[in-house]
Amino acid sequence: MEYLLIFVAAVFVNNIVLAQFLGICPFLGVSKKIDTALGMAAAVAFVMTLSTICTFLMQHYILDPLGLGYLQTLAFILVIAALVQMVEIILKKLSPSLYQALGVYLPLITTNCTILGVAIMVIQKDYNLLESVVFAISTALGFGLALILFAGIREQMSLTSQPKAMEGTPIALVTAGILAMAFMGFAGVV
């Protein structure tokens, strides 16, 4: 039951983009087409899960025992950057087709603050390793859900006429705000 609560809270109630406002740059930048949104969502899910496991282990087995907790953010950034580079190299060698599909998105993920945010939140919430993995996967699904919904809305809006002053970024920001309010309806669930 606890894992279900973590899942529902991370996907709907405390959505990383719409409630906590992390990952706004890829949310606005990669959401013009559903295909690119799906690619980014898959890449974020993969890297977020791996980096959460690595940073969790680093925090509990290296930083805490050595009394280096104050280096958490710097160490996590280095681990995430190295992990993304390693994943990119491995994908290029083992699965060129998957590398082609995710290749554009992997470098973008290095600077995606949702990855670092989840790694730090897991430590702050004092989750164990399994809860951390569930939280990371759930948060990635929430990020993907918001991104894909927003991309679908933006694709539909591109087919309609809009006032000249609202074209492009202004209508995207208004739409994102309305989508965030819609997700606020889940606030009483958990």
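Here is how the numbers come out for the structure above:
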{"item": "For region 136-190, fraction of C-alpha pairs farther apart than 16 Å, in %", "result": "51 percent"}
{"item": "Cα-Cα P(r), region 85-190, percent of pairs per 10 Å interval", "result": "11, 28, 34, 21, 5, 0"}
{"item": "Contour excess over end-to-end distance, with Cα ends at THR175 and PHE21 and 0.36 nm allotted per residue", "result": "54.0 nm"}
{"item": "Percent carbon-and-sulfur accessible area, the chain, ignoring ligands, DNA and RNA, probe 1.4 Å", "result": "71 percent"}
{"item": "Nearest 10 degrees, 0 to 90: helix 34-58 Cα axis against the chain principal axis", "result": "20 degrees"}
{"item": "Mean accessible surface per residue for the chain, computed with a 1.4 Å probe while every protein chain stays in place, in Å²", "result": "52 Å²"}
{"item": "Hydrodynamic radius by Kirkwood, which averages 1/r over all alpha carbon pairs of region 72-147, in angstrom", "result": "13.5 Å"}
{"item": "Rg ratio (alpha-carbon, reference 2.2 N^0.38 Å) - the chain", "result": "1.08"}
{"item": "Charged-residue dipole, Cβ positions (Lys, Arg, Asp, Glu), the chain about Cα centre, Debye nearest 20", "result": "440 debye"}
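The values are calculated or read from the model by the stated rules, or taken from the named source; none is laboratory data. Note that the coordinates shown come from a computational prediction; the quantities given were computed from them, not determined experimentally. For neighbour counting, all protein chains shown are included, and Cβ atoms are generated from backbone atoms with ideal geometry for every residue, glycine included. These area figures cover heavy atoms from the full protein model, side chains too; ligands, DNA and RNA do not enter into them. Shrake-Rupley method; radii C 1.70, N 1.55, O 1.52, S 1.80 Å.
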